[in-house]
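Reading through the C-alpha cells given below for one structure.
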Amino acid sequence: MAPKPASAIPVEIWGCCRSLVPYFTFILLLCAITSLNQLRYGALHSRCAFMINSGSSMDHIIHLPSGSILSSQHAAAHQASSYNLPPSLLASDQSFISHENRLRILIGILTLADQYQRRSFLRLVYRTQQVPANVQIDIKFVFCNLTKEEQRIWVALEIMLYDDIIILNCTENMDLGKTYTYFSSLWEMFKDEDDQHSESSSSRRPYPPYHYVMKGDDDTYFRLEKLAESLKPLPREDLYYGFVIPCESKDPFKHYMSGMGFAVSWDIVEWVRDSDIPRRHHVGPEDMVFGEWLKMGRKGRNRHNAKWSMYNFPEPPTHCSHELWPETIAVHLLKKEPRWIKTLKYFNVTRNLKPSKLYHIP
Ligand SMILES: *[C@@H]1O[C@H](CO)[C@@H](O)[C@H](O)[C@H]1NC(C)=O
Ligand SMILES: *[C@@H]1O[C@H](CO)[C@@H](O)[C@H](O)[C@H]1NC(C)=O
Ligand SMILES: *[C@@H]1O[C@H](CO)[C@@H](O)[C@H](O)[C@H]1NC(C)=O
C-alpha cells in the first residue's frame, strides 16, 4: 500500500485504456457483422452484448459491466431476460440457470482510492478466472470518501468502465470502523438498486442480494472457483467463515476469522446494520472486533474454518503460513510483485492463453 507518485497515475490509466481501443473496435466490428447476419437470417438473438470469443478456452467467462464474473450460461440467461425471450429459444443453452438459483457471493476488497495500479492488477487476476455456471461472484473495490480533485475523474472513469467500486461514507481509516461501515452500508446500497430496477418484475433482484458477503484484503489472492466450491455446501444462515485466528487454532469458535478474507451470510449483514452491538463498538483491529460482535450477539453459530485452504504466503514461514498447494482458496500477504508472480505461476493462471501468430510468450 505504498503511496505512488501522482504523476504516474494518468500515464498508467492511459496506457491501460489505449490498449483496450483496438479490442473494442474489434468487438464492434464483430457485432456489426453479426447484426448483418441476423438481418439476413432472421436470427433471434445476438451474443455481442457479452463478447464471446468462440473457440477460445476462455469463452465461458463473461464480464458484465456490473463487475460480475459470470459464465456464458448466465450471460445467455441474462440476455434472455433483457430481450424477453423464453430461455428455450437460446439454442445452446441446455443448463439454463435462473438468477434465483445461483449462489451469489459478494467480495468487497477494502483498498484505497489512490491504489489505481493495485486495482487494475486485481481486475486482471480476477476477471481471467472461471467460476461454475451456477455461481455469481461480484468483486467490488471498497474505499472511503474521495479526497483529491483528480480522484473524481479517475475513479469516475473506472466506474464507467468497470462498475466495480463502492465508495463508503467515511474518512479513510483501517481500524476505526471501515469494516463496520462496509457491512452496515450494504443493505441500503442493494435495496436502492432494487427500487431502480423494479419497473419489470423479471429484472428485480432476488433476495437476499447475496447469500454470502466477504471482506477481503487487497494483498489476498482468492481462487474464486475453490471459494465457491467451499461455500456451496455450507448453511446460508448465521454463517461465519474464514481463517481462524490464532493461527494455531483449528476451532472456528476460538477466536475470530482473519481479515485476509472472511465471509458471513446475509442475515449477519442485516444484523450488523441493525444491532447496537457493532454500532457501539467498532474501533480496534477490524477482524478481531468483528469476531467480538458475533460473540456478544451470539451470532455466527454456523462456522467454517477454511484453514489450511487459506493461509499466509509461505515465506517467511510462520504459524500462519503454508506451502502453496492445489486446494488453495486464498493466499495472503502478497505485498510485493515477486510473491504475486510466484503464486500466479504456481496456479498456472496463464495455461488457457490461446496460441496465436500475434505473440509468443516463452
Ligand atoms: C455521511 O456521514 C456524515 C458524517 O458522519 C453524516 O453527517 C452524513 O449524514 C452521512 N451521509 C449519508 C448520506 O449517510
Ligand atoms: C463523504 O462525502 C459526502 C458527499 O460527497 C458527504 O456528504 C459526507 O459528509 C462525507 N462523509 C464524511 C464522513 O466525510
Ligand atoms: C500446473 O501445471 C503443472 C504442469 O502442467 C502441473 O504439474 C501442476 O499440477 C499444475 N498446478 C496446479 C496447481 O494446478
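The values are calculated or read from the model by the stated rules, or taken from the named source; none is laboratory data. Since the model is a prediction, treat every value here as computed from it, not as a measurement. So basically every Cβ, Gly included, is an ideal-geometry build from the backbone, and we count neighbours across all protein chains shown.
Summary of values
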read-out	value
In segment 280-295, residue farthest from residue 179 (Cα to Cα) [restricted to those that are without any contact (Cβ under 8 Å) to a residue 60 or more places away in the chain and either of a type in the set (D, E, K, R) or surrounded by fewer than 14 Cβ atoms within 10 Å (Cβ to Cβ) (or both)]	295
Qualifying strands (runs of 3 or more DSSP E) (wholly inside segment 193-272; at least 2 residues being hydroxyl-bearing (Ser, Thr, Tyr), within 21 Å of residue 178 (Cβ to Cβ) and modelled with pLDDT of 95 or more)	239-242
Residue in segment 133-156 that is within 16 Å of ligand 3 (Cβ to nearest atom) and touching a Ser or Thr at 6+ places or on another chain (Cβ under 8 Å) present	no
Close pairs (8 angstrom Cβ cut-off, 6 or more residues apart or separate chains): under 28 Å from residue 317 (Cβ atoms) in segment 339-362, aromatic (Phe, Trp, Tyr) and more than 16 Å from ligand 3 (Cβ to nearest atom) anywhere	340/121
Residue that is nearest to ligand 3 (Cβ to nearest atom) [pool: residues in segment 157-191 that are in a helix (DSSP H, G or I) and over 30 Å from residue 288 (Cα atoms)]	162
Flag if residue 323 is touching a Pro at 6+ places or on another chain (Cβ under 7 Å), closer than 24 Å to residue 344 by Cα and in the same structural domain as residue 216 (by TED's automatic domain parsing)	yes
Among the residues listed as 336, 357, 342, the single one being among the basic types (Lys, Arg), more than 16 Å from ligand 2 (Cβ to nearest atom) and surrounded by 14 or more Cβ atoms within 10 Å (Cβ to Cβ)	342
Hits in segment 334-361 - residues which are among the basic types (Lys, Arg), in a loop (DSSP other than H, G, I, E, B) and within 16 Å of ligand 3 (Cβ to nearest atom)	351
Single residue of 304, 282 found to be assigned to a strand (DSSP E or B), of a type outside the set (A, V, I, L, M, F, W, C) and touching a Ser or Thr at 6+ places or on another chain (Cβ under 9 Å)	304
Residue list for segment 312-333, restricted to those being within 16 Å of ligand 3 (Cβ to nearest atom) and among the small types (Gly, Ala, Ser)	330
The one condition in (1) more than 30 Å from residue 121 (Cβ to Cβ); (2) in contact (Cβ under 8 Å) with a residue 60 or more places away in the chain; (3) of a type in the set (D, E, K, R) that residue 251 fails to fulfil	(2)
Contacts under 9 angstrom Cβ, first residue in segment 152-175 being outside the structural domain of residue 138 (by TED's automatic domain parsing) and over 13 Å from residue 113 (Cα atoms), partner surrounded by 13 or more Cβ atoms within 10 Å (Cβ to Cβ) and at pLDDT below 95, 6 or more apart	none
